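Working notes, structure below.
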Amino acid sequence: MLVLPNKVASVWQKFLDDNRVLVYKYIVREIKRGLEQEKNSIDLFRFEDGSMTSTIASAQYIHTLEYALSLFIKAEEFEYAGRTEAVMRMYYAQVLINETKNKRT
C-alpha cells in the first residue's frame, strides 16, 4: 500500500487524472499480488493521517482489470495489456478452483 502525504483532494484527483495509466499499472500489480495471496481485498493508498484509504474488494477485481485493459489498449501500452490479460486469466482460474472446492464440501 502506498502512503500518500496529506494534500487537498483536488490535487490528488488531478494527479490521478493526469497519470491514469501509471496508476492502473500499480493497481494491476497489486491485484495480482492479492490473487497470489488469496486476499479478499487489497489496500492501494492511504493518506498519512489515516483520513482516507482506497481499497478494492475481490468482487471488484475483474471489473477493475477490464477497465485497466481497455485503458492500456487505448494508450497503446500493449505490454501492460498483455500483463493485465494474464492477471485476468489468473482471476478466472482462481474462481474455477474455488467453485470446485465449494462443490466438494
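The values are calculated or read from the model by the stated rules, or taken from the named source; none is laboratory data. All of these numbers come straight from a predicted model, not from anything done at the bench. Quick reminder, even Gly has a Cβ in these numbers, built from the backbone with ideal geometry, and neighbours come from all protein chains shown.
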#### Entry: Per-region count, the range 87-105, residues over 17 Å from LYS39 (Cα atoms) and surrounded by 10 or more Cβ atoms within 10 Å (Cβ to Cβ)
0
### Query
Only one residue in THR64, THR84 is part of a helix (DSSP H, G or I), surrounded by 13 or more Cβ atoms within 10 Å (Cβ to Cβ), of a type outside the set (A, V, I, L, M) and in contact with a Leu (Cβ under 7 Å, 6 or more places away or on another chain), so which one is that?
THR84
### Residue in the range 61-82 that is of a type in the set (A, V, I, L, M) and either modelled with pLDDT under 95 or touching a Gly at 6+ places or on another chain (Cβ under 8 Å) (or both) present
no
### Message
Taking the conditions exactly as written (touching a helix residue (DSSP H, G or I) at 6+ places or on another chain (Cβ under 8 Å), of a type outside the set (A, V, I, L, M, F, W, C), closer than 15 Å to VAL28 by Cα and part of a helix (DSSP H, G or I)), does GLU79 satisfy them or not?
### Response
no
### Query
Pairs, please: C-beta under 8 Å, at least 6 apart or cross-chain, first residue closer than 19 Å to LEU65 by Cβ and in the range 83-105, second surrounded by 10 or more Cβ atoms within 10 Å (Cβ to Cβ) and of a type in the set (Lys, Arg)?
VAL87/LYS32; MET90/LYS32
### Query
Out of all the residues in the range 66-82, which are in contact (Cβ under 8 Å) with a residue 24 or more places away in the chain and not charged (D, E, K, R)?
TYR67, ALA68, LEU71, PHE72, ALA75, TYR80
### Query
Just checking, which of ARG83, ARG104, ARG89 is basic (Lys, Arg) and within 27 Å of TRP12 (Cα to Cα)?
ARG83
